[in-house]
Amino acid sequence: YTKAAKEPLSYVGINSVGLRRRGFATEKIREIQDIYRILYQKNYNTTQALGIIEAEMEATPERDEIIDFIRNSSRGIMKGYSGNY
């Protein structure tokens with residue numbers, strides 16, 4: 001769902017064009033954006049961000065897929081947004 005750039009590689013946003021091409025509704029794209037905003041732009045560590053996402057966002061297949069992917073990652077996830085892009 002995301003775009004990455006820079007050196008070292010880091011989060012720069014979601015791939016909204018790709019999501020639209022794959023048939024995601026505008027509401028779903030906003031939901032995914034909100035999830036990644038909490039994860040990468042709110043200065044929480046990953047554990048805190050996942051807790052907030054679970055507590056504050058409605059359970060949906062997309063939300064659960066993102067949470068499961070992050071929790072089951074053996075190598076972690078890319079660094080967060082630095083604002084210098």
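Taking the Cα centre of segment 2-71 as reference, the dipole from Cβ charges on Lys and Arg (+1) and Asp and Glu (-1) amounts to some 420 debye. The simple Förster model, with R0 at 22 Å and r as the Cβ-Cβ distance, assigns Asn15 and Ala55 a FRET efficiency of 0.25. In this rough spin-label picture, where each label sits 7 Å from Cα along the Cβ direction, the Glu65-Glu27 distance is 1.7 nm.
Amide H contacts of Gly13: Lys3, each under 5 Å away and 5 or more positions distant or on a separate chain (H built 1.01 Å from N in the peptide plane; Pro and chain starts excluded). Computed over segment 2-71, the alpha-carbon pair-distance distribution with 5 angstrom bins reads 3, 16, 26, 27, 18, 8, 2, each value a whole percent.
Every number in this text was worked out from the coordinates using simple rules, so none of it is lab data. All figures in this text were calculated on a predicted structure; none of them were measured in a lab. Reconstructed Cβ throughout: ideal geometry from the backbone, glycine too, with neighbour counts over all protein chains shown.
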